[in-house]
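Heads up: the structure comes next, in structure tokens.
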Amino acid sequence: MALAVNAGARLDRLPISSFHYRIFWLVGAGMFFDGYDLYVAGGVLASLIQSKFSTLPQNLQFISLTFVGMTLGSLITGFVGDKFGRRFTYQINLLIFGLASIAAAFAQDMTQLIACRFVQGLGLGAEIVVGYSTMTEFVPPRTRGRWLSMMAFIVVAGFPVTSVLGYLIIPNFGWRPMFVIAGIGSLIVWYLRKNLPESPRWLEAQGRNDEAEALIQTIETEASSGKSLPSIAAPAPVKLVAAADLAKPPLLQRMIVGSWVLISINTLIFGFVLFLPQFFLRQGLTITNSLAYTVVLSAGSLVGCAVGAYTSDAIGRRASIIGASIVTIITGYVYARFNAASDPAIVLTVGFALIVAIYVQTALLYGVYPPELFPTEIRLRANGICNMFGRGATVISPFIVGSLMASYGVPGVIWLMIAVVVIQILVVWAWGVEPRNRGLEDVAAKA
């Protein structure tokens, strides 16, 4: 079937312009506060235990209910985003998240805080699905990996920001200001983002060709700056697909790949990285030193995303994912053999390398790879389902991590991480496709 507007080919040929940067920052600003709130739990939960506001089982409930909310948010958003559009969905979820963050700051007990966190999770799960998918549909294939990895960089910047703010704020003012910052910031972005345009690819997939054509012409005018544009490539042949096709080969294999890599990276981050302050407390550090160690390691997250931004376009998605996975296994094994209190230099050095390797994967597996695997008309649904499995796995992983930590300490947790990464290598090697420097329609056509 031929595309009437040929929105994909027309967007893919555009030079990088102010339009792309505006979309990037409008989407990225909301994604930053999502990243901020994803990582705020590490320092907050350590403080809650120390202040007797919560217990370890309540902390595990806090994390688990966050992921229950994110699991539901991911799934619901996928269907809403494909039905009502990227822009509508993006605004609704950010509003939910912002209001819930403000409410969390005023929670009177742990039960109220857990309830607020569940609602925050709905917004968090939705934002991640629609944010990356929206950006995927606007940027050209030759630099798509870099754009989306840098979007992940913005999200991950929440890790060092929350670490630094937690170090400065929590020991002196408690944990509540951390949620106030997230709530106010996200509501400001919600107001600014009212000018976010709809995706022309989605409009065309919905048969709204007049709207898609008008929007494409506006984008072309801005991107061209009065200069002639490159010729338009012939549209790739498109076969209309439905959600039911996700259960059939070859899209089924892509669903397995997308689901497992998100299970893997969510387990790495929320079964290991999020627990770093509590690991350090268990190894004998004070809350202040624990947060300081976390600040040092968090810098590796930004380095990892920057490396991922380069390698995703330079050597491809599959090679980057597999290579970073191998480094994760090696450094994780070494890291598990030392103690933060007795071997601080080794723990920080090897831990930094481990964090870099994890966040190379984060850049690709959150931001780049899964949204590229599926056709436009079901992109959000497919990505939402993959994220549902990824988030669903982390509903139970905090309890598994808590049990392993109690029985085997940090080494037990590390071996869990190594196991999920080994499976990831096998899945990506066997069934992963390579979208580097290929239009989305071309990737979909060869499914």
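Since every read-out is calculated from the coordinates, none of them should be taken as a lab result. All values derive from a computational prediction rather than experimental measurement. All Cβ positions, glycine included, derive from the backbone under ideal geometry; neighbour counts span all protein chains shown.
Here is how the number arises for the chain: DSSP H runs of 4 or more residues each give -39500 (n - 2.57), the sum is divided by the residue count, and the result at 222 nm is -25500 deg cm²/dmol. Using the Cβ-Cβ distance between residue 172 and residue 342 with R0 set to 25 Å, the FRET efficiency from 1/(1 + (r/R0)^6) comes to roughly 0.30. Efficiency by 1/(1 + (r/R0)^6): what FRET value for residue 407 and residue 286, r their Cβ-Cβ distance, R0 = 25 Å, to the nearest 0.05? Given R0 = 25 Å and the Cβ-Cβ separation, E is 0.50.
State to the nearest 20 debye the size of the charge dipole of the chain about its Cα centre, where the only charges are +1 on K and R beta carbons and -1 on D and E beta carbons.
260 debye
On the basis of the beta-carbon distance and an R0 of 35 Å, residue 50 and residue 333 show a calculated FRET efficiency of 0.70. In plain terms, the chain from residue 422 to residue 228 could stretch by 64.9 nm, reckoned as 0.36 nm per residue minus the Cα-Cα distance.
Annotation: lysines with alpha-carbon distance below 30 angstrom to residue 194 (same-chain offsets under eight excluded): 83, 227.
The Kirkwood hydrodynamic radius of the chain, based on inverse pair distances between different Cα atoms, is 21.9 Å.
Which whole-angstrom value gives the distance between the alpha carbon centres of the stretch 341-399 and the stretch 129-162? That distance is 13 Å. Taking other residues whose beta carbon is less than 14 angstrom from the beta carbon of residue 411, and scoring Lys, Arg as +1 and Asp, Glu as -1, yields +1.
In summary, the aspartates and glutamates within cross-link reach of residue 239, defined as a Cα separation below 13 angstrom excluding same-chain residues under 8 places away, comprise 377, 441, 442.
In the chain, a dipole from Cβ-located charges (positive for Lys and Arg, negative for Asp and Glu) runs towards its positive end, and of 95, 389, 212 it is 389 whose Cα lies farthest in that direction. Every Cα-Cα pair of the stretch 85-151 was included, and the share exceeding 16 Å stands at 54 percent. Note on 116, 386: ascending count of other Cβ atoms within 10 Å places them as 116, 386, the fewest first.
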